[in-house]
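J.: Below are the structure tokens for one structure; questions will follow.
Bear in mind that the values in this text are calculations on the coordinates, not laboratory data. Just so we're clear, the structure is a prediction, and the values are computed from it rather than from any experiment. Don't worry about glycine lacking a Cβ; one is built from the backbone with ideal geometry, like all the others, and counts go over all protein chains shown.
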Amino acid sequence: MRVIGVDPGSAVTGYGVVDGDGRKFLRIDSGTICTRPRDPGPHRLRTIYERMTSLLDHHAPDAVSLERSFVAENVQSAFRLGEARAMILLAAAQRDLELFEYNPTDVKLTVAGYGRADKSQVKFMIRRAFELDESIELANDAADALALALCHLTMARNPAALSAMSARAPRSWRVVARKASGQGPGKVQ
């Protein structure tokens, strides 16, 4: 199975493409989509959308693993994050890709064994999981995206755990992991 993990942001969106069967994982590609701060909002969103559609078309993943939003204290930041997420959701929906969302705590728990792991701990475990030495550049956003992909591939092996995580999703974005349990394609309700 091939999964693209996406850590959305209006300034920097991380992505990580991973092949795996739940036990063995291979990093195919990772990096960041950076927008120019001086560009107006719609241009930044177009950059995210166009780059994401290009990545989806090039890598042809089976699923998209996206970080579930948290409520930010700054309302404007929350709006900007929501707009960036919408570009990822649209690109995935246009390609009929399954979408799975994970809380940051669940991702950290799955990847680092501790739900409150900091960025350096997550990055260390990602380097270890993919056998990346220190000479390979790995931005924090790309490491987070690889962690999202790794989380989904790990959870896909365990449909009960995947369903439990999905049940905690907000009702408007609940992911039904039917494909993982053999009941047909998943869908966003």
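J.: Straight distance only, please: which aspartates and glutamates reach the Cα of Lys123 with their own Cα at less than 17 Å, same-chain residues fewer than 8 apart left out?
T.: Asp7, Asp29, Glu67, Asp106, Glu131, Asp133, Glu134, Glu137, Asp141, Asp144
J.: Residue by residue, what Karplus-based ³J(HN,Hα) values in Hz, rounded to whole numbers, does the stretch 22-30 have, using 6.51, -1.76 and 1.60 with θ = phi - 60° and x for Gly and Pro?
T.: After applying 6.51 cos²θ - 1.76 cosθ + 1.60, I find x, 10, 10, 10, 10, 6, 8, 7, 7 Hz.
J.: Consider all pairwise Cα distances in the stretch 1-77 and report the whole-number % of them above 21 Å. Show your work: numbers first, answer last.
T.: Working: 1009 of 2926 pairs.
Of all Cα-Cα pairs in the stretch 1-77, 34 percent lie more than 21 Å apart.
J.: Counting only other residues whose beta carbon sits under 14 Å from that of Pro42, what net charge do I get with K and R as +1, D and E as -1? It would help to have the intermediate numbers written out before the result.
T.: Numbers: positive: Arg36, Arg38, Arg44, Arg46, Arg80; negative: Asp39, Glu50, Glu83.
Result for the neighbourhood of Pro42: +2.
J.: For q = 0.18 Å⁻¹, what log10 I(q)/I(0) does the stretch 2-158 give under the Debye formula with an equal point scatterer on each alpha carbon and no solvent?
T.: -1.06
J.: So who's got an amide H within less than 5 Å of the one on Arg68, skipping anything under 5 residues away but keeping other chains? H placed 1.01 Å off N, in plane.
T.: Answer set, sorted by chain and number: Tyr102, Asn103.
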